[in-house]
Amino acid sequence: MMENSLLIPAKQRSVDQALSALNEAHGRLTTDIVLEAATNADSPLHKMFEWDDSTAAHAHRIWQARKLIKSVKIERPDGDLTPRYMSIKIENERWYEDISLIVQDRDKYLSVLVDIDTTIKDLEHRVESLIQLQDDRLSGLGAGKLRDGIRSLRRHFEEATGLT
């Protein structure tokens, strides 16, 4: 049975060590390499996966359903395409809603804005990680300008929505 995805520090260390060893042994880290290593019941990676095929198949079909829902597009007034259904979360429940209904309901609209805020925070964190961990020879590749752009986006988003 798959264990909780929130890793305790000791478990995280053993997973990190296993992934690092695989990366070193293969020169890269791919999902196929990780899955192959995880099939060994003695691997610290093994318990991080669902090995019951029925449960795993259901989880995969849920993932396929998400992709299917997101694949349906509608045309915006400017001619660009956008997903017809958006994921919303209100209280502790998450579902997909037609965008034409979201834009008419304050709670649903705010739910989408909160998801956008989370995405901006994730982008900001990822770029900051690149900057803080980069080799000096890579500093001219634009990550600093990208960080400034994302910070500007965040400020504009917060001003426009009142979300912080």
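Numbers at a glance
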item: Sequence-separation-based contact order of the chain, relative, with Cα cut under 8 Å and 6+ spacing, percent; result: 12
item: Taking N as its residue count, the alpha carbon Rg of the chain over 2.2 N^0.38 Å; result: 1.35
item: Cα-based shape type of segment 84-164, given that a ≥ b ≥ c are square roots of the gyration tensor eigenvalues and the cut on a/c is 1.5; result: prolate
item: Helix-only [θ]222 nm of the chain, DSSP H runs n ≥ 4, -39500 (n - 2.57) each, per residue, nearest 500; result: -19500 deg cm²/dmol
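Read the figures in this text as sums done on the coordinates, not as results from a lab. Note that this is a predicted model, so its numbers are computed, not measured.
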